[in-house]
Amino acid sequence: MLKMTRQTTNADFHYIYSLYMHPSINPYLLYEYMDEVAFQPIFDDLQSKNLLYIFEHEGQKSGMFKLVPFAHRTSHIAFIGGVAIHPDLSGKGLGKQMFREIIERGRSMGLLRLELSTATDNARAIRMYESVGFEKEGVLRKYTWLKSENRFLDEVMMSYLYV
């Protein structure tokens, strides 16, 4: 299988920032709207910990994700966050391709479980996660606070088990 994911470099800052702050993506991700100066330390921290990845398709940056391994008694688990395919490329199956690579990366890391959460009203993402083998485990009520919209989101917790 041709690998289309790679860890970020400094040259990816503007692309990552543009995805995190895109109006159709931002409500489903961790960070409130902010300018590039405020986002730079977040990017630097994620990059220094080797947690942030770029997904490429046909040589073009097409999406991103974070893969955060746990430690100690949960070292067999990683959390997937910051998942986004560029809106101009949505609906082309790239999310499934990216997730197949995430699953394979987890397998090569010796993981037994991948976890993620998404807003309960993000039906399109939930269907895509289920299509690659993730299962719902429960709802985290009033989990995410959207300060810019003055409201909470419930999130559905999902997992992929290798065994």
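The values are calculated or read from the model by the stated rules, or taken from the named source; none is laboratory data. All figures in this text were calculated on a predicted structure; none of them were measured in a lab. Because the Cβ atoms are built from the backbone with ideal geometry, glycine has one as well, and the counts that use them run over all protein chains shown. These accessible areas exclude ligands, DNA and RNA; they are computed on the full protein's heavy atoms, side chains included. Shrake-Rupley method; radii C 1.70, N 1.55, O 1.52, S 1.80 Å.
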Residue in the range 16-28 that is closer than 24 Å to Arg113 by Cβ and assigned to a loop (DSSP other than H, G, I, E, B) present: no
Set Tyr143, Tyr129: member being part of a helix (DSSP H, G or I) and of a type in the set (Phe, Trp, Tyr): Tyr129
Residue list for the range 71-95, filter: within 23 Å of Tyr17 (Cβ to Cβ) and assigned to a strand (DSSP E or B): Phe79, Ile80, Gly81, Gly82, Val83, Ala84, Ile85
Residue match in the range 59-70 (condition: closer than 28 Å to Thr9 by Cα, over 18 Å from the mean Cα position of the chain (by Cα) and not in a strand (DSSP E or B)): yes
The range 27-68, residues that are basic (Lys, Arg) and buried (at least 16 other Cβ atoms within 10 Å of the Cβ): Lys61, Lys66
Subset of the range 104-163 that is farther than 24 Å from Thr5 by Cα and small (Gly, Ala, Ser) - its residue that is most open to solvent (accessible area, probe 1.4 Å): Ser148
Close pairs (9 angstrom Cβ cut-off, 6 or more residues apart or separate chains): within 10 Å of Val132 (Cβ to Cβ) in the range 89-112, of a type in the set (A, V, I, L, M, F, W, C) and surrounded by fewer than 18 Cβ atoms within 10 Å (Cβ to Cβ) anywhere: Gly95/Val132; Lys96/Val132; Phe99/Val132; Arg100/Met1; Arg100/Val132; Ile102/Val132; Ile103/Val132
Breaking point among (1) in contact (Cβ under 8 Å) with a residue 40 or more places away in the chain; (2) closer than 23 Å to Arg107 by Cβ, for Thr74: (1)
